[in-house]
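*Asks:* Have a look at the structure that comes next, please.
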Amino acid sequence: SSGNLCRYGSHDATAQSVVVWGDSHAPALLPAYEDIAEVRGLQLFLGSWPACMPLARPVQQSYSCLQFNEVAMPDAIRKLNPDLVILNGWWVRANVDLHLADAAAGESEFIRGLENLMRRIAAPHRRICVVLDVPMLKADPPYAIAMARRQRSDENYSGISRTKAVAQQSQIERDLRSLV
């Protein structure tokens with residue numbers, strides 16, 4: 001019944017179930033999701049597609065992303081009927097390149113896509129959680145650390161200040177919190 005989703009945590013069919021739906025940022029948090037599922041005795045299902053934010057009908061999605069978001073994941077959620085759906089994506093990208101064909105002028109296109117998706121997967125007993133993203137650094141950490149060590153310089157130069165990280169995420173966080 002889980003389709004092509006990866007399964008973790010409890011295999012007890014009566015245990016509460018959680019579906020994590022996201023792009024490549026979702027599997028990055030998988031160790032934390034697995035720990036929570038193990039401690040709480042949850043069935044955990046993961047469905048992710050690279051560079052494919054869990055949003056409904058963005059026009060810039062590839063065909064495979066569109067199929068994943070419009071068919072595969074809604075079908076899996078309908079079959080699994082989870083108690084909780086966690087949406088996990090690289091949301092900061094939405095500020096840059098997300099355009100929805102039917103978003104009203106001045107309306108957040110990101111929120112419109114998220115609201116459309118949440119309406120499609122809503123159920124009376126189901127909770128939906130959206131995970132905020134991590135800040136984008138100035139450089140790829142492994143490369144930056146390797147180069148800093150090679151040049152015997154500060155290994156923290158690729159980081160950003162808390163102020164800049166908060167500013168970087170502020171619009172997306174404001175949009176997400178408006179849904180609460």
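*Asks:* Near the amide H of residue 10, under 5 Å away, which other amide H atoms are found, from residues 5 or more places off or on another chain, if H is placed in the peptide plane?
*Replies:* Hits under the 5 Å cutoff: 42, 43, 44.
*Asks:* Still on this structure, I have one more. Please give the FRET efficiency for residue 67 paired with residue 24, using the beta carbon to beta carbon distance and R0 = 22 Å, rounded to the nearest 0.05.
*Replies:* Taking R0 as 22 Å, the efficiency between residue 67 and residue 24 is 0.80.
*Asks:* Taking a ≥ b ≥ c as the square roots of the Cα gyration tensor eigenvalues, with a/c under 1.5 meaning rounded and otherwise prolate when a/b beats b/c, else oblate, which class fits the range 22-83?
*Replies:* oblate
*Asks:* Rounded to whole Å, give me the distance from the Cα center of the range 111-131 to that of the range 16-61.
*Replies:* First find each Cα centre; the distance between them is then 14 Å.
*Asks:* Working out 0.36 nm times the residue gap between residue 38 and residue 115, then minus their Cα-Cα distance, what length gain in nm do you get to one decimal?
*Replies:* Residue separation times 0.36 nm, minus the Cα-Cα distance, leaves 24.7 nm.
A short reminder: the numbers here are calculations on the coordinates, not readings from a lab. Every value quoted in this text rests on a predicted model; they were computed, and no experiment measured them. Note that each Cβ is placed from the backbone with ideal geometry, even for glycine, and that neighbours are counted across all protein chains shown.
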